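One structure below.
The values are calculated or read from the model by the stated rules, or taken from the named source; none is laboratory data. Fair warning: this is a prediction, and the values are worked out from it, not measured in the lab. Positions of Cβ are backbone-derived with ideal geometry, glycine not excepted, and every protein chain shown enters the neighbour counts. We work out accessible area using only protein heavy atoms, side chains counted, and drop any ligands, DNA or RNA first. Shrake-Rupley method; radii C 1.70, N 1.55, O 1.52, S 1.80 Å.
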Amino acid sequence: EEVAWNELAGRLSWWLHDRRRGVPGSLGQPATARREERLLEVALRVTEHAAMAGEGLDGVSVAASRSGDLEGVAEMVAAVGRPIRSRIRGRPPLDDPADVIVWDVASITAADLTWVALLSAHRPSRAVILLDSFPRADTTRAALDAGAAAVLSRPVSIESLSGTLLGITEAVCG
């Protein structure tokens, strides 16, 4: 299966989670399985896990500059079982109370990096996940250096987002 470099950590987290639960997940499908079959398998596993996924985090805030993007990301976060704390059109506020912010920036800019640094400095325990249309190594490194927990491509796969949130939950809650 082809996996983008920026999705590897999230997907690997999800695959290892499947392995610990003793389920084959999407990697357990035959090599001849179509992409649609793999997506359905992942959706089934994520849905099964969603009932207990929200434990340990005080909700997720979702931010995006466009309403359609905001609703799409919020629906995906809800589908992976994370409670939505707030939906923000534009930049997330510094005093946002959520433990995790998923921010669809479309394309990472210098202003976004500055805001991520401010978000991280204001509350260091908060994880900020950026969604970028075409993550490049230099902008991803700059975002991580600014304090982002992860940079994922958009459209984000449910497996990558779920695995990234799972990894953050395990890091925060032990």
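For the reader, a short list of remarks on this structure follows.
- Only listed residue being touching a strand residue (DSSP E or B) at 6+ places or on another chain (Cβ under 7 Å) and within 23 Å of ASP18 (Cα to Cα), chosen from SER162, SER153, SER133: SER153
- Scanning segment 148-174 for residues that are assigned to a loop (DSSP other than H, G, I, E, B) and open to solvent by 30 Å² or more (accessible area, probe 1.4 Å) returns ALA149, ARG154, PRO155, GLY174.
- Members of segment 119-147 found to be loosely packed, with under 14 Cβ neighbours inside 10 Å and over 22 Å from GLU75 (Cβ atoms), listed by number: ALA121, HIS122, PRO124, SER125, PHE134, ARG136, ALA137, ASP138, ARG141, ASP145
- Test: residue in segment 109-127 that is modelled with pLDDT of 95 or more, out of contact with any Leu (no Cβ under 6 Å at 6 or more places or on another chain), within 17 Å of ALA4 (Cβ to Cβ) and β-branched (Val, Ile, Thr): no
- Qualifying residue in segment 103-118 (condition: aromatic (Phe, Trp, Tyr) and in a strand (DSSP E or B)): yes
- Selection from segment 98-111 of residues that are in contact (Cβ under 8 Å) with a residue 24 or more places away in the chain and either under 20 Å from PRO155 (Cα atoms) or open to solvent by 60 Å² or more (accessible area, probe 1.4 Å) (or both): VAL100, ILE101, VAL102, TRP103, ASP104, VAL105, ALA106, SER107, ILE108
- Among the residues of segment 69-89, those that are in contact (Cβ under 8 Å) with a residue 12 or more places away in the chain, open to solvent by 40 Å² or more (accessible area, probe 1.4 Å), aliphatic (A, V, I, L, M) and touching a strand residue (DSSP E or B) at 6+ places or on another chain (Cβ under 9 Å) comprise MET76, ILE84.
- Selection of segment 128-144 for residues being among the basic types (Lys, Arg) and outside any helix (DSSP H, G or I) yields only ARG136.
- Residues that are outside any helix (DSSP H, G or I), of a type outside the set (A, V, I, L, M, F, W, C), open to solvent by less than 100 Å² (accessible area, probe 1.4 Å) and at pLDDT below 70, drawn from segment 29-57: GLY54, GLY56
The rows are residues; the columns are (1) within 15 Å of the chain's Cα centre (by Cα); (2) farther than 20 Å from GLY59 by Cα; (3) of a type outside the set (A, V, I, L, M, F, W, C).
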{"site": "ARG126", "(1), (2), (3)": "yes, no, yes"}
{"site": "THR139", "(1), (2), (3)": "no, yes, yes"}
{"site": "ASP145", "(1), (2), (3)": "no, yes, yes"}
{"site": "ALA149", "(1), (2), (3)": "yes, no, no"}
{"site": "GLY163", "(1), (2), (3)": "yes, no, yes"}
{"site": "GLU170", "(1), (2), (3)": "yes, no, yes"}
